[in-house]
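These notes are about the structure you will find just below.
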Amino acid sequence: MCLLKVQQLITRPRYLKTLKEGAVRVDLQGRPAGATRPSDDTPIPKEHLVPGRLELTVKFSEMPTPVTVETGVKIGVETGEGVVTAILPPKLWRKLAQAAADYPAWVASVSGSLARFENGEIALKNPAVQVFEKKVKPPGDSAEAAENPTPPQASAAETPAAAVTPKPANPAIVHATLSLRRKAP
C-alpha cells in the first residue's frame, strides 16, 4: 500500500518539476539524498546517422496455433519482451507445418520488419520463415563423455612430423554462425 502511494506521488507533474538538474533530492524521511544529475542521453547529430533497416527475429520450437485471416495465417509467439505476431502467407505456413511433421525436433525462426509495437504486441510485416532440424543427442553418451574424458593416445612409433591433429575431447561441440539476412532482390 505504501509503495503504491509512493509510485503515485513520484509520477505527478508537480513532483517531476522539482527534479531539475542540480536540485537537492530528499529521501522518504525528509533528509537530503544528493543532487539531481543530468541525464546521460546524448543526442546524435543528424549528420552522424547512417541509413539502415530494422529486422526482428523470433525463434521457437513448438508449433503455434494458427488463426486464419483474410491474407493468410496469423501466428503468435510469446517472448519475454511481449507477444510477437506475424501474418504468414499460406505457402510459408505450409513450409512450417511440413517441417514440423518431417523433423522430430526442429527450430524455426520468423524474421521481418517492425509493423507496430503497442500494448506488448510486436507485429512483424513481410515475414520470412526458416526451419532447421535439431540433431538429438543420445542422453547416455554425452553424460558418460563428460564424466570420463579420454585424451587421445599417441603411439610410440609416431614421429612428431607425422602426428595427426588431435580431435577435440567433445566432438559434439560445434561453433557455427547463422545469418538470417536476405539479399536484396
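Residues in segment 93-110 that are within 13 Å of Ile75 (Cα to Cα) and of a type in the set (Gly, Ala, Ser): Ala97, Ala108, Ser109. Scanning segment 41-87 for residues that are crowded, with 17+ Cβ neighbours inside 10 Å and touching a helix residue (DSSP H, G or I) at 6+ places or on another chain (Cβ under 7 Å) yields Gly72, Val73. Taking the stated definitions as given, is Val50 of a type in the set (A, V, I, L, M), modelled with pLDDT of 90 or more and under 30 Å from Leu88 (Cα atoms)? For Val50, the condition - of a type in the set (A, V, I, L, M), modelled with pLDDT of 90 or more and under 30 Å from Leu88 (Cα atoms) - is not met. Residue count for segment 48-87 under the criterion of being touching a Pro at 6+ places or on another chain (Cβ under 6 Å) and either part of a helix (DSSP H, G or I) or farther than 11 Å from Ile122 by Cβ (or both): the result is 3. Suppose we keep only residues that are more than 16 Å from the chain's Cα centre (by Cα) and in contact (Cβ under 8 Å) with a residue 40 or more places away in the chain within segment 94-110. Which one would you say is surrounded by the most Cβ atoms within 10 Å (Cβ to Cβ)? Ranking the candidates gives Trp106 first.
Counting only residues that are touching a residue at least 60 places away in the same chain (Cβ under 8 Å) and part of a strand (DSSP E or B), segment 111-142 holds 5 of them.
The values are calculated or read from the model by the stated rules, or taken from the named source; none is laboratory data. Computed from a prediction, not measured in an experiment: that's the story for all the values here. No Cβ is skipped: glycine too gets one built from the backbone with ideal geometry, and neighbour counts run over all protein chains shown.
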